[in-house]
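To start, the structure under review is shown below, and the notes come after it.
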Amino acid sequence: MRYERWIIACVVLTFIAVAFAFSRGPLLEGPNEVEHYRFIRLVAQQGTLPDRAGHPYGQLHQAPLYYILGVPILKGADDALFDDLSERLNPYHAHEFAQAGSDNKNVHLHLSTDAESGFARALLTLRLYSILLGLLTVLISYNSLTLLFPNQPHLYVMGLAVVALTPQFVYMSSVVNNDNLLFLGIAASFNLAIRQAINGPSYRNAVLLGVALGVALLAKSLAGMLALPMAAAVLLDRRTWFWYAPVTLVTVALVAGWWYVGNYLQYGEFTGMGAMFQTWPTEIIRENEIALDVGLQRAPYGYMSFWARFGHGAVAMGQEVYLFFNVISALSGAGLLLWAAKHIRRGIRDGRIDWSMWRLAIIVGTFTLVWVVALIYSSSTVLSGNQGRYLIPGFVGWAVFIAIGLDQWLPRRIKQPAAILFALLMAGVLVYSYARYFVPAYQVQTVTAQTNLEPLYIYENSIALLDISPTLLTGQPGDLVAVTLTWQALKSVDRDLLTYIHSVDTAIVRRSTYPGTGNLLAANWRPGDVWRETHYLRIPHDATPQQIHPLIAGYYDIRAEQPLAVDNQSATPFIGYLVVQGQAASLVADYQLGDQIAMQNPSIQRNEIGLELCFAWQALENMADSYHVFVHLLDAEGEVVDQIDFPPQNGRYPSWAWGVGEVVETCRLLPSDTDAVQLATGMYELTNLQRLPLATRDGQRQQHDMLVLTLP
């Protein structure tokens with residue numbers, strides 16, 4: 001391949017650049033980053049491994065090597081801010097967890113001065129340490145790919161692009177997390193196992209393999225899953241049985257055995273998982289049971305977060321990102337099946353099996369698929385166990401599968417250009433995921449001061465509401481709706497404030513959050529700052545359909561335990577309506593009112609309390625106007641003896657709120673003590689009193705746009 005080295009260098013440099021950009025993200029927002037940092041800090045302060053059950057939701061049960069290696073970075077660091085920030089939690093974190101955007105994606109509440117602290121510098125340095133581990137993982141993975149695909153640079157370029165440019169791996173490499181040392185140890189173990197299968201065993205390789213496995217086991221006890229692929233590698237190569245495999249086992253015991261034996265002697269179990277369940281009791285799905293049904297139901301999230309899901313999992317990507325990876329997965333999966341079928345057919349045709357190729361395939365397969373088992377197991381035992389990063393240890397194997405699978409669809413003449421294009425696409429999706437979703441998730445939506453907008457409401461001369469969009473929110477029970485509020489700070493405040501959006505007189509909407517949807521504390525306001533907040537509101541699943549709910553918004557003083565008053569005391573900070581619509585339904589329409597409404601022939605029944613007139617309408621389009629019903633009671637000469645006008649559902653559900661296809665029914669009692677023998681009915685627009693054109697289903701316009709019915 002022309003410019004092969006330049007292409008490889010560009011892929012690696014892209015990994016470094018984007019990982020560094022990720023590392024500049026907000027403090028302690030990586031997965032369990034606060035507890036991984038705490039572990040390193042405790043070792044640095046105490047000079048020994050801490051009690052592993054010493055902190056709720058802690059990581060002290062983890063194998064210690066990653067943390068021990070990070071201790072020199074924290075020696076002498078002025079990180080006193082850690083104690084404050086680690087407890088400065090955002091109670092509204094992960095609101096609408098699956099939704100992309102910036103609505104409370106942060107676990108911690110951040111002050112503008114945090115980034116200038118000694119703690120911030122110490123954390124960034126630890127993140128650089130993680131990036132170094134990630135870089136070593138990339139380079140070792142590249143070496144493994146060249147071993148598996150000699151003289152096929154287009155394959156190892158595609159494989160390297162998968163390893164180095166998948167957003168989730170790059171992101172994980174940028175935060176403080178022991179997974180990064182686990183990834184490195186497993187990548188090295190994979191490399192040495194492949195090298196042994198290709199070149200044959202040697203004592204040097206056996207010792208290095210034992211060291212790599214030991215490092216992985218000292219990074220995380222999850223590395224014990226390597227027992228299956230390593231057993232496969234040994235069983236498939238008789239040359240390792242009597243001398244080399246024992247050397248590897250002894251080396252593993254020397255490197256990592258001390259920690260596991262120490263666990264058993266001190267705590268009565270080898271891995272530390274018992275301590276995890278003691279400190280995370282609410283994480284257990286079912287006591288002493290593997291809830292496989294639950295684990296399989298939660299698998300889709302594991303798949304999504306394998307590709308891209310940042311922060312503590314709350315920073316989701318848009319569907320276009322997942323669509324890209326879905327296409328890659330589908331093409332490579334189908335292509336891999338074609339590859340296997342082709343080689344099986346060739347073996348049958350030639351009458352011999354290429355055992356060396358299939359041995360490599362089995363080793364790669366077990367090294368990869370064992371992490372699927374690990375993900376399903378963790379998803380079935382621990383609530384937070386369905387994280388796709390548990391698949392990343394098998395990344396090199398996934399890269400091999402994807403490269404081989406995609407290659408099956410490529411004509412020979414375009415393989416190299418296609419590999420370069422694939423690397424460019426992966427790099428583009430990586431940068432796009434970072435810029436489009438990660439960065440905005442933790443930023444305030446600042447806007448240029450809009451002096452042309454008059455404040456809608458001013459709250460105690462501190463904050464002004466400038467704009468609301470939209471003012472009409474519509475949806476059905478269970479739907480998610482969004483409203484954007486634009487605020488302007490009028491002065492600096494020394495108050496702990498929350499934004500609220502509430503429905504009036506009902507509890508259907510009770511939304512509170514720190515300003516900037518969690519990204520802007522009131523202490524960080526500067527006079528004149530203007531920002532937008534997009535609030536996602538979930539309509540309760542048990543909400544009554546065909547109801548409208550007025551909404552108000554403002555600020556709440558936590559210490560004073562009361563909302564900020566609107567400066568105009570007579571004003572209620574009304575921001576619009578939430579309309580809970582019903583589902584679209586079928587209606588056999590007999591009439592049509594303009595282009596907007598279909599109507600069934602009204603029914604009239606006489607009962608003990610009078611005449612009851614019932615209507616059934618269906619919205620044919622969204623309406624901006626409010627239509628009212630008129631009913632004229634007519635005597636035998638056709639003269640009006642009484643008249644009733646009313647809005648549909650007596651005003652509880654006006655026509656401007658109706659959803660397309662929704663059927664709205666209304667019944668009304670009519671006076672029975674008149675000389676009326678007929679009634680005439682129709683609808684009119686309230687603002688101009690113009691009647692809606694009324695026609696039959698076949699288009700016959702009714703006289704005076706009203707329907708005449710005989711009373712029973």
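The values are calculated or read from the model by the stated rules, or taken from the named source; none is laboratory data. Here the structure is a predicted model, which is why all the values come from computation and not from measurement. A quick note on method: Cβ atoms are made from the backbone with ideal geometry, for glycine too, and the neighbour counts reach across all protein chains shown. Heads up: the accessible areas ignore ligands, DNA and RNA and are worked out on the full protein's heavy atoms, side chains in. Shrake-Rupley method; radii C 1.70, N 1.55, O 1.52, S 1.80 Å.
Do any strands (runs of 3 or more DSSP E) entirely within the stretch 659-712 hold 3 or more residues that are of a type in the set (A, V, I, L, M, F, W, C) and within 21 Å of residue 647 (Cα to Cα), and if so, which?
Values: elements: 663-670, 678-685, 694-696, 707-710.
Passing ranges, in order: 663-670, 678-685, 707-710.
I'm checking my understanding of the structure. Among residues of the stretch 401-436 that are in a helix (DSSP H, G or I) and without any contact (Cβ under 8 Å) to a residue 60 or more places away in the chain, which one is surrounded by the fewest Cβ atoms within 10 Å (Cβ to Cβ)?
Residues of the stretch 401-436 in a helix (DSSP H, G or I): 401-407, 412-436.
Now narrow it down to the ones that are without any contact (Cβ under 8 Å) to a residue 60 or more places away in the chain: 412-414, 417, 421, 424, 428, 435.
Working: 412: 6, 413: 8, 414: 11, 417: 12, 421: 12, 424: 16, 428: 12, 435: 12.
Among residues in the stretch 401-436 that are in a helix (DSSP H, G or I) and without any contact (Cβ under 8 Å) to a residue 60 or more places away in the chain, the one surrounded by the fewest Cβ atoms within 10 Å (Cβ to Cβ) is 412.
Could you pull out the residue among 696, 666 that is more than 15 Å from residue 596 (Cβ to Cβ) and in contact with a helix residue (DSSP H, G or I) (Cβ under 6 Å, 6 or more places away or on another chain)? Quick ask: steps written out before the conclusion?
On the way: 696 fails: in contact with a helix residue (DSSP H, G or I) (Cβ under 6 Å, 6 or more places away or on another chain).
Selected residue: 666, the only one of 696, 666 that is more than 15 Å from residue 596 (Cβ to Cβ) and in contact with a helix residue (DSSP H, G or I) (Cβ under 6 Å, 6 or more places away or on another chain).
Mind listing just one residue for me: the one in the stretch 70-85 that is surrounded by fewer than 19 Cβ atoms within 10 Å (Cβ to Cβ) and among the small types (Gly, Ala, Ser) and, of those, farthest from residue 523 (Cα to Cα)?
76
For (1) under 30 Å from residue 173 (Cβ atoms); (2) open to solvent by less than 40 Å² (accessible area, probe 1.4 Å); (3) in contact with a Lys or Arg (Cβ under 7 Å, 6 or more places away or on another chain), each residue gets a yes or a no:
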residue	(1), (2), (3)
218	yes, yes, no
226	yes, yes, no
231	yes, no, no
292	no, no, no
302	yes, yes, no
308	yes, yes, no
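Return the only residue of 467, 496 being surrounded by 14 or more Cβ atoms within 10 Å (Cβ to Cβ), touching a helix residue (DSSP H, G or I) at 6+ places or on another chain (Cβ under 8 Å) and touching a residue at least 12 places away in the same chain (Cβ under 8 Å).
Working: 467 fails: touching a helix residue (DSSP H, G or I) at 6+ places or on another chain (Cβ under 8 Å).
Of 467, 496, the one residue that is surrounded by 14 or more Cβ atoms within 10 Å (Cβ to Cβ), touching a helix residue (DSSP H, G or I) at 6+ places or on another chain (Cβ under 8 Å) and touching a residue at least 12 places away in the same chain (Cβ under 8 Å) is 496.
Filter the stretch 235-285 down to residues that are farther than 26 Å from residue 197 by Cα and charged (D, E, K, R), then give me how many there are.
Of the residues in that region, 2 qualify.
Condition (residue is in a helix (DSSP H, G or I), under 18 Å from the mean Cα position of the chain (by Cα) and of a type in the set (A, V, I, L, M, F, W, C)) applied to the stretch 324-340: is it met by at least one residue? Step through it out loud before you land on a result.
First, pick out the residues of the stretch 324-340 that are in a helix (DSSP H, G or I): 324-340.
From the residues that got through so far, the ones that are under 18 Å from the mean Cα position of the chain (by Cα) too are 324-326.
Cutting the leftovers down to of a type in the set (A, V, I, L, M, F, W, C) gives us 324-325.
Scanning the stretch 324-340 turns up at least one residue that is in a helix (DSSP H, G or I), under 18 Å from the mean Cα position of the chain (by Cα) and of a type in the set (A, V, I, L, M, F, W, C).
Within the stretch 470-493, how many residues turn out to be of a type in the set (Val, Ile, Thr), out of contact with any Gly (no Cβ under 7 Å at 6 or more places or on another chain) and open to solvent by 10 Å² or more (accessible area, probe 1.4 Å)?
Here the count works out to 2.
Filter the stretch 233-278 for residues that are surrounded by 13 or more Cβ atoms within 10 Å (Cβ to Cβ), more than 37 Å from the chain's Cα centre (by Cα) and not in a helix (DSSP H, G or I) and give the result.
Selection gives 236, 237.
Here are the criteria: (1) free of Cβ contacts under 8 Å to residues at least 60 places away in the same chain; (2) in contact with a helix residue (DSSP H, G or I) (Cβ under 9 Å, 6 or more places away or on another chain). Tell me which single one residue 316 does not satisfy.
Among (1) free of Cβ contacts under 8 Å to residues at least 60 places away in the same chain; (2) in contact with a helix residue (DSSP H, G or I) (Cβ under 9 Å, 6 or more places away or on another chain), residue 316 violates only (1).
Give just the number: which of (1) in contact (Cβ under 8 Å) with a residue 40 or more places away in the chain; (2) out of contact with any strand residue (DSSP E or B) (no Cβ under 9 Å at 6 or more places or on another chain) does residue 612 not satisfy?
Going through the list (1) in contact (Cβ under 8 Å) with a residue 40 or more places away in the chain; (2) out of contact with any strand residue (DSSP E or B) (no Cβ under 9 Å at 6 or more places or on another chain), residue 612 breaks only (2).
Tally up the residues in the stretch 549-578 that are in contact (Cβ under 8 Å) with a residue 24 or more places away in the chain, of a type in the set (Gly, Ala, Ser) and open to solvent by 80 Å² or more (accessible area, probe 1.4 Å), please.
Number satisfying all stated conditions: 0.
Can you tell me which residues in the stretch 512-528 are in contact (Cβ under 8 Å) with a residue 40 or more places away in the chain and surrounded by fewer than 20 Cβ atoms within 10 Å (Cβ to Cβ)?
512, 521, 523, 524, 528 - these are the residues of the stretch 512-528 that are in contact (Cβ under 8 Å) with a residue 40 or more places away in the chain and surrounded by fewer than 20 Cβ atoms within 10 Å (Cβ to Cβ).
Let's see how each residue does on (1) without any contact (Cβ under 8 Å) to a residue 12 or more places away in the chain; (2) more than 22 Å from residue 180 (Cα to Cα); (3) part of a helix (DSSP H, G or I); (4) open to solvent by 10 Å² or more (accessible area, probe 1.4 Å):
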residue: 352; (1), (2), (3), (4): yes, yes, no, yes
residue: 359; (1), (2), (3), (4): no, yes, yes, yes
residue: 364; (1), (2), (3), (4): no, no, yes, no
residue: 370; (1), (2), (3), (4): no, no, yes, no
residue: 378; (1), (2), (3), (4): no, no, yes, yes
residue: 384; (1), (2), (3), (4): no, no, no, yes
residue: 391; (1), (2), (3), (4): no, no, yes, yes
residue: 399; (1), (2), (3), (4): no, no, yes, no
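Suppose we keep only residues that are of a type in the set (D, E, K, R) and open to solvent by 20 Å² or more (accessible area, probe 1.4 Å) within the stretch 1-34. Which one would you say is modelled with the highest pLDDT?
Here is the first cut: in the stretch 1-34, the residues of a type in the set (D, E, K, R) are 2, 4-5, 24, 29, 33.
From the residues that got through so far, the ones that are open to solvent by 20 Å² or more (accessible area, probe 1.4 Å) too are 2, 4-5, 24.
Values: 2: 65, 4: 83, 5: 87, 24: 96.
Here the residue is 24.
How many residues are surrounded by 14 or more Cβ atoms within 10 Å (Cβ to Cβ) and either at positive phi or among the aliphatic types (A, V, I, L, M) (or both) if we restrict to the stretch 683-710?
Number of matching residues: 10.
Could you check how many residues of the stretch 138-191 are of a type in the set (Val, Ile, Thr), open to solvent by 10 Å² or more (accessible area, probe 1.4 Å) and either in contact (Cβ under 8 Å) with a residue 40 or more places away in the chain or outside any helix (DSSP H, G or I) (or both)?
If we filter the stretch 138-191 for residues that are of a type in the set (Val, Ile, Thr), which is where we start, we get 138, 140, 146, 157, 162-163, 166, 170, 175-176, 186.
So of that shortlist, the ones also open to solvent by 10 Å² or more (accessible area, probe 1.4 Å) come out as 140, 146.
If we keep only those that are either in contact (Cβ under 8 Å) with a residue 40 or more places away in the chain or outside any helix (DSSP H, G or I) (or both) too, we end up with 140.
The total comes to 1.
For the stretch 529-540, check the following and say yes or no: at least one residue is farther than 19 Å from residue 573 by Cα, open to solvent by 50 Å² or more (accessible area, probe 1.4 Å) and out of contact with any Ser or Thr (no Cβ under 8 Å at 6 or more places or on another chain).
Within the stretch 529-540 (the criterion being farther than 19 Å from residue 573 by Cα, open to solvent by 50 Å² or more (accessible area, probe 1.4 Å) and out of contact with any Ser or Thr (no Cβ under 8 Å at 6 or more places or on another chain)), the answer is yes, since at least one residue qualifies.
Scanning for something over 36 Å from the mean Cα position of the chain (by Cα), outside any helix (DSSP H, G or I), modelled with pLDDT of 90 or more and not basic (Lys, Arg), does the stretch 192-202 turn up at least one residue?
yes
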